[in-house]
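In what follows, a structure is listed as structure tokens, so that the remarks can point back to it.
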Amino acid sequence: LQLSPLQKARYEYQPKLPKALQSDLASISVEFGAATEAIADQARLKELFAKTYGKPIASFTSGSNDVSSKLLRVGVILSGGQAPGGHNVIAGIYDGLKKGNPESVLIGFKGGPSGLLEKDYVEITDSFMDEYRNTGGFDMIGSGRTKISTDQQFADSLRVAKELQLNAVVVIGGDDSNTNAALLAEYFIQEGTNIQVIGVPKTIDGDLKNEYIETSFGFDTAVKTYAELIGNIGRDANSAKKYWHFIKLMGRSASHIALECALQTRPNICLISEEIAEKKQTLEQIVNSIADTVVTRSSNGENFGLVLIPEGLIEFIPEMNELIAQLNDLLAKEAAEYEKLSSFEDQTAWVISKLSAASGAVFKELPADIQKQLLMDRDPHGNVQVSRIETEKLLIGMVEKRLVELQKAGSYSGKFSALNHFFGYEGRCAFPSNFDADYCYSLGYTAFLLIAQGLTGYLSSVRNLDKPAAEWQAGGIPLTMMMNMEQRHGSAKPVIRKALVELDGKPFQEFVKHRQIWATQTSYVFPGAIQYYGPAEVCDQPTITLGLERS
Ligand code: FBP
């Protein structure tokens, strides 16, 4: 394996830990708060999580304990999309376990939750771990999107955990994966075992956060990677002055990534899905407002610009949302009939005949490529794969049309030449920023401490993140505390609530304060590449979103 100079240098990086975790393991104590409640639907959740509901928040402080040297066997799973820092979570768990008792064992389930179901695993050793410290990606053990949902899958998880004599399983995942972790924790107790389950908040999307989870890991590195590229493109656009760049950004439903990138780079336009849904804006209105900005900039002699588009946008436009809901339902309920249709023409004709008149008309108007993308398979959690829908191209096409109309009407005489980009996968496996490297290692170490304390059904939590790492506070938040009941596939299911952009929140309000100016006056900021070495103000700063939310 050929290693880059940066990879070799990053092996030497020692992630920072909160002060309370820097001492001997035996000098760390746990404190518990009062019993907790779920955010909604408390009575139903109490029934569903009879053994794990309502536990107290746990916090680690300086003190003492007599459990950290227990011999433990732990299994770890990377679940869902890659996020920079996952390897450091594993490193934190590993180092904690070995520090506590060199005989303790960490095994990694391969390829995500299916590794647990199929007993496909690898034991993590010193040399194996060292190859992956401070590196991006999930290639150490791989990841996957298998959902543990059937009775058989729950039974298989338990059987494998017992066969491997595990004390605990750590699930490193997003909202859906941690919902799974909560269910597994409950199931293991209900089945009379004391195998623990601990979650770790991962996702570049930044939508697994709440009062107690300030950010999910990977968001910091991913947005800094995208912001670098957007800044570079902005400078290119401002140099050549001839292209409009339409940039779709990953993030699934929530627009956190797009918003943070806008705060970092000051583009001319950044669409925020949550605002579009709130204002019930139609696709036509969105297109018209982009075209208006193109016209204004053109009249200032600037036939170029930057437009940021959150990848989930399409699901938030009311008429598209209704269409997608009907398609989801139709493709789930009448899958057998749909699968008999082999040509795209037959599929669209069949779909249109089954949709309501309004949704059928919306579907019919869409370009064939977008129609195809809307008919693609759903992911195992039933979500439309928004990363594969080319909204940026759809918008370019529609803005072009609108500008032709304006040209004909005599209200526009500029030149519009647009390029499309999609930034997503390139941000998920970057070398974790110092923030993510430190945060992830701390989350992993904390997960170990929660296990040593015999806790289950908790999410590893590290807070106070706008302060230097030494001032961070480590602990555990009961998973049931973040849950409510939501309709999924036609029935009410317990889930961890996804955090969308809050329109009255400080990050969005900050954007609103400036967006008018950014639209017309070129105000691009060039963040440059993530820096790993140098002054703290360049290397260790958290995101603007985190800073504003904590201010
Ligand atoms: P997670 O929610 O699992 O962290 O996934 C993040 C994400 O990168 C989304 O932003 C994106 O929509 C999706 O994964 C893409 O999924 P896939 O990797 O299966 O193409």
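Every read-out reported here was derived from the displayed coordinates using simple, explicitly stated rules and does not represent laboratory data. Bear in mind the structure is a predicted one, so any value in this text is a computation, not a measurement. So basically every Cβ, Gly included, is an ideal-geometry build from the backbone, and we count neighbours across all protein chains shown.
Rounded to whole Å, give me the distance from the Cα center of the stretch 286-319 to that of the stretch 390-467. After rounding, the separation between the Cα centres reads 18 Å. Note on E131 and D292: with the Förster distance fixed at 41 Å, the Cβ-Cβ geometry gives a FRET efficiency of about 0.20.
Stretching D329 away from L503 to a fully extended chain increases their span by 59.7 nm, per 0.36 nm per residue minus the current alpha-carbon distance. Other residues with beta-carbon under 11 Å from the beta-carbon of M481 carry, at +1 per Lys or Arg and -1 per Asp or Glu, a net charge of 0. Between N65 and A40, the modelled label-to-label distance comes to 3.4 nm, taking each label 7 Å out from Cα in the direction of the beta carbon. Rank these for me by crowding, C539, C429, going from fewest to most other beta carbons within 10 Å. By the 10 Å Cβ count, ascending: C539, C429. Available extension along the chain between S491 and A9 is 168.4 nm, counting 0.36 nm per residue and deducting the alpha carbon span. Computed FRET efficiency, Cβ-Cβ of K51 and K408, R0 60 Å: what is it to the nearest 0.05? After rounding to 0.05, the efficiency reads 0.30.
Loop-located chymotrypsin sites (Phe, Trp or Tyr not before Pro) in the stretch 455-551 (DSSP state other than H, G, I, E, B) with a sparse environment of at most 13 neighbouring Cβ atoms within 10 Å: Y533.
For K119, the lysines whose Cα falls under 30 Å of its own Cα, not counting residues fewer than eight places away in the same chain, are K51, K70, K98, K99, K110, K147, K162, K202, K493. The phi-based Karplus calculation (6.51 cos²θ - 1.76 cosθ + 1.60; θ = phi - 60°) puts the 3J(HN,Hα) values of the stretch 315-321 at 6, 9, 7, x, 5, 6, 4 Hz, whole numbers, x for Gly and Pro.
If you take all other residues with their beta carbon under 13 Å from the beta carbon of G301, and give Lys and Arg +1 and Asp and Glu -1, the sum is +3. Full extension of the segment from D236 to S353, taken as 0.36 nm per residue of separation minus the current Cα-Cα distance, would add 37.4 nm.
Sorted ascending by nearby beta carbons within 10 Å, beginning with the fewest, Y441, Y13 become Y13, Y441. Backbone amide hydrogens, once placed in the peptide plane, bring K493 within less than 5 Å of E486, Q487, R488, excluding anything fewer than 5 places away on its chain.
Other residues whose C-beta falls under 12 angstrom from the C-beta of E337 contribute a net charge of 0, scoring Lys and Arg +1 and Asp and Glu -1. From its DSSP helices (H runs of at least four residues, each -39,500 (n - 2.57)), the chain gives a residue-normalised ellipticity at 222 nm of -13000 deg cm²/dmol. Rounded, prolate or oblate: pick one for the stretch 1-67, where a ≥ b ≥ c are the square roots of the eigenvalues of its C-alpha gyration tensor, a/c under 1.5 means rounded, and failing that, prolate if a/b is larger than b/c, else oblate. Here the stretch 1-67 falls in the oblate category. For the pair the stretch 148-212 and the stretch 521-540, the centres of their Cα atoms are 37 angstrom apart.
Among L78, L208, a tally of other beta-carbon atoms within 10 Å of each Cβ gives an order, fewest to most, of L208, L78.
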